[in-house]
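The values are calculated or read from the model by the stated rules, or taken from the named source; none is laboratory data. Quick caveat, the model's predicted, so the values are computed rather than measured. In this analysis, Cβ positions are derived from the backbone assuming ideal geometry, glycine residues included, and neighbour counts consider all displayed protein chains. Side chains are part of the model used for accessible areas, which takes the heavy atoms of the whole protein and leaves out ligands, DNA and RNA. Shrake-Rupley method; radii C 1.70, N 1.55, O 1.52, S 1.80 Å.
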Amino acid sequence: MARQKPGPHPEYPKDQLVRIRVDVITMKKIDWCAERLDMNRSELLRYGVEKIYDELFKK
């Protein structure tokens, strides 16, 4: 019997890794926005993708 990991088991696990290259100014913008919204970078970028997707889907 396999040992199960403790903690929540999300329906859509975040097991995909995306790496991007950005300049210093963009990184500062990401960090500033994340701090203002009380999110980490990953949450902020997922949030941004959802907003853009929703906006494009409505067209």
Angle between the Cα long axis of helix 41-58 and the longest principal axis of the chain, 0 to 90 degrees, nearest 10?
70
Per residue accessible area in Å² of the chain, where ligands, DNA and RNA are left out and the probe is 1.4 Å
112
On C-alpha positions alone, give me the angle between the axis of helix 24-36 and the longest principal axis of the chain, in degrees, nearest 10.
70
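Among the trypsin sites (Lys or Arg not before Pro) within the stretch 17-56, which fall in a DSSP loop and have no more than 12 other Cβ atoms within 10 Å of their own Cβ?
The qualifying sites are Arg19, Arg21.
Would you mind calculating the gained length between Trp32 and Tyr12 on full extension (0.36 nm times residue separation, minus the Cα-Cα distance), in nm to one decimal? Display every interim value, and only then the final one.
Details: separation 20, 0.36 × 20 = 7.20 nm, distance 2.76 nm.
Separation in residues times 0.36 nm, less the Cα-Cα distance, equals 4.4 nm.
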Would you count, across the chain, every pair of lysines whose alpha carbons are under 24 angstrom apart, provided the pair is eight or more residues apart or spans two chains?
6
D (µm²/s, integer) via Stokes-Einstein for the chain, Kirkwood Rh across alpha-carbon pairs, 20 °C, 1.002 mPa s: value 150
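Can you compute the helix-only [θ] at 222 nm over the chain? Use -39500 (n - 2.57) per DSSP H run of at least 4 residues, normalise by all residues, nearest 500 deg cm²/dmol.
Estimated from H runs of four or more residues: -17500 deg cm²/dmol.
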